[in-house]
Amino acid sequence: MEWLDAVEQLRARREAGVLVTVAAVRGHAPRDAGAKMVVAAARTWGSVGGGNLEAVAVERARELLADPEARPELFTSQLSDKAPVEHGVQCCGGEVTVLLEPLAVLPAVAIFGMGHVGIELARILARHDVDLHVVDSRPEQLDDRVLGGLDDAVARVHRHHVPVLPELVLGELPRGTHVLVMTHDHAEDAALVDAALRVTHLGSIGLIGSSAKWSRFRKNLAADGHGDEAIARVVTPIGLPTLSGKEPAVIAVSVAASLLQAFADDQALRPEMHRAGSAAQ
């Protein structure tokens, strides 16, 4: 199952790909229906038959990788010496229909603090295909009794119990992870925000709390050497400004909605980042 291992590798590396499947075959063809391969920007795994068929599939797959609105699509190839080809003749005599399915880089979110809001937010995000990291220095907040609502999660849920220095988890998070700081302890919150600003690979940094809390934090961050540009990375208050309410479930819905918009923005920017990286090489 080389293709399945490849999908897992891409997800772990947060790299986009395309799953290519022989969907239907008429007549003779080099591979039967169900054959699969995975195409990434610089590598492929598996095979759907080689020759012109596979070369066209790889070429089209990489076009989809550059399209933020790419959707699954089919194409049909005639394996005949009379059929127009781009990458060499295949004269098996059959006809092959190929399905291309984009494998997007899934969003990653880390919630530091499984209190009332954190739990409600985790329940909402767990219904989405994301990598969800839940972190708490209190072991009881990560046990099955508290997180039982995540048992049927669509998301991949990663529990991090770090009784001392929970900010160490930040360095282990995937690139682009959106971080939300909402622990039970303002000192812990302050240490997490300070550490998050020193980690370069993260996405947004959100902090729950009042304006008075942020005023103190901002003063201390500046005293600790963080410049205005770095401090501006911290989003507080979090959530939609138009949705008011102090109930944990309302705050969680508001924060989840703003995250979904951030996920869409990340996806739109990814092709530009890929092109910029290719140009730099």
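Some notes on this structure:
- Every condition in (1) open to solvent by 30 Å² or more (accessible area, probe 1.4 Å); (2) modelled with pLDDT of 95 or more holds for His160 except the one numbered (2).
- Any hit, the stretch 29-40, residues being under 30 Å from Thr177 (Cβ atoms) and under 17 Å from the mean Cα position of the chain (by Cα): yes
- Of all the criteria given as (1) among the small types (Gly, Ala, Ser); (2) loosely packed, with under 15 Cβ neighbours inside 10 Å; (3) at pLDDT 95 or above, the one not satisfied by Gly245 is (3).
- The residues of the stretch 95-133 that are more than 21 Å from Leu168 (Cα to Cα) and charged (D, E, K, R), listed by number, are Glu95, Glu101, Glu120, Arg123, Arg127, Asp129.
- 1 or more residues crowded, with 17+ Cβ neighbours inside 10 Å, small (Gly, Ala, Ser) and touching a residue at least 60 places away in the same chain (Cβ under 8 Å): qualifying strands (runs of 3 or more DSSP E) within the stretch 1-67: 17-26
- Considering Ser254, Ser215, Ser258, the condition of being in a helix (DSSP H, G or I), farther than 30 Å from Ala16 by Cβ and modelled with pLDDT of 85 or more is satisfied by Ser215 alone.
- Residue within the stretch 171-180 that is under 16 Å from Val135 (Cβ atoms), surrounded by fewer than 18 Cβ atoms within 10 Å (Cβ to Cβ) and either touching a strand residue (DSSP E or B) at 6+ places or on another chain (Cβ under 9 Å) or of a type in the set (Ser, Thr, Tyr) (or both) present: yes
- Search result, residues across the stretch 91-107 that are surrounded by fewer than 24 Cβ atoms within 10 Å (Cβ to Cβ) and either hydrophobic (A, V, I, L, M, F, W, C) or at pLDDT below 90 (or both): Cys91, Cys92, Gly93, Gly94, Glu95, Leu99, Leu100, Leu103, Ala104, Val105, Leu106
- Any chance Ile231 is among the β-branched types (Val, Ile, Thr), farther than 19 Å from His133 by Cβ and at pLDDT 95 or above: yes
- The condition of being part of a helix (DSSP H, G or I) and within 17 Å of Ala252 (Cα to Cα) does not hold for Arg127.
- Ala153 out of contact with any Gly (no Cβ under 8 Å at 6 or more places or on another chain), at pLDDT 95 or above and open to solvent by 20 Å² or more (accessible area, probe 1.4 Å): no
- Residues considered: Asp185, Asp189. Of these, the only one that is under 20 Å from Arg138 (Cβ atoms) and open to solvent by less than 30 Å² (accessible area, probe 1.4 Å) is Asp189.
- Boolean, Asp136 is free of Cβ contacts under 8 Å to residues at least 60 places away in the same chain and surrounded by fewer than 20 Cβ atoms within 10 Å (Cβ to Cβ): no
The values are calculated or read from the model by the stated rules, or taken from the named source; none is laboratory data. Computed from a prediction, not measured in an experiment: that's the story for all the values here. A quick note on method: Cβ atoms are made from the backbone with ideal geometry, for glycine too, and the neighbour counts reach across all protein chains shown. Heads up: the accessible areas ignore ligands, DNA and RNA and are worked out on the full protein's heavy atoms, side chains in. Shrake-Rupley method; radii C 1.70, N 1.55, O 1.52, S 1.80 Å.
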